[in-house]
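What follows is calculated from the coordinates using simple rules that are stated; it is not laboratory data. Since this is a predicted model, take the numbers as computed values, not measurements. Here Cβ is always computed from backbone atoms with ideal geometry, including for glycine, and neighbour counts include all displayed protein chains.
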Amino acid sequence: VKRTRFDADGFHSSNLELWIDELSPALPVHRAFILPSGGHAASTLHVARTICRRTERALVPLLADIDKETFTFVNRLSDFLFVAARWTAMKQGIAEKIYVHPQGRVTEYDK
């Protein structure tokens, strides 16, 4: 893999972090796994996040050959897409679906 520089100064990753910090305070604390839900727009953002996470996993074997900033950006992007999906659902007034284990196990947050 030919090395390229992407976001060498961390500008794009920092912007994503700022956007996450702007949206997060308005969101309710999540205490369980959230399923892709919350209406069409939020669900689309959740799908984009899963694709981004898949990309992140595909980059792991390439870590020696790519810049750390590239991996950091993809990680931050998936985090932003998650927060954006939750924010969109909240703004549209559509409830998020919480995963409930078939055996009714309690999440670590509720213990």
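Results, tabulated for the structure shown:
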{"quantity": "Helix axis angle, 11-23 relative to the chain longest principal axis, alpha carbon, degrees", "calculated": "10"}
{"quantity": "Spherically averaged projected area in nm², based on the convex hull that wraps the Cα atoms of the chain", "calculated": "8.7"}
{"quantity": "Crossing angle, helix 39-59 versus the chain [Cα axis fit, 0-90 degrees, rounded to tens]", "calculated": "40"}
{"quantity": "Debye, to nearest 20: dipole size of segment 36-89, +1 on Lys, Arg Cβ, -1 on Asp, Glu Cβ", "calculated": "240"}
{"quantity": "Sum of side-chain charges, Glu56 neighbourhood, beta-carbon under 12 Å (Lys, Arg +1; Asp, Glu -1)", "calculated": "+4"}
{"quantity": "For segment 1-71, size of Cβ-based charge dipole, Lys and Arg +1, Asp and Glu -1, in debye", "calculated": "400"}
{"quantity": "Local electrostatic count at Val83 - Lys and Arg +1, Asp and Glu -1, tallied over other residues with Cβ under 13 Å", "calculated": "-1"}
{"quantity": "Sum of -39500 (n - 2.57) over DSSP H runs of 4+, divided by residues of the chain (222 nm, nearest 500)", "calculated": "-18500 deg cm²/dmol"}
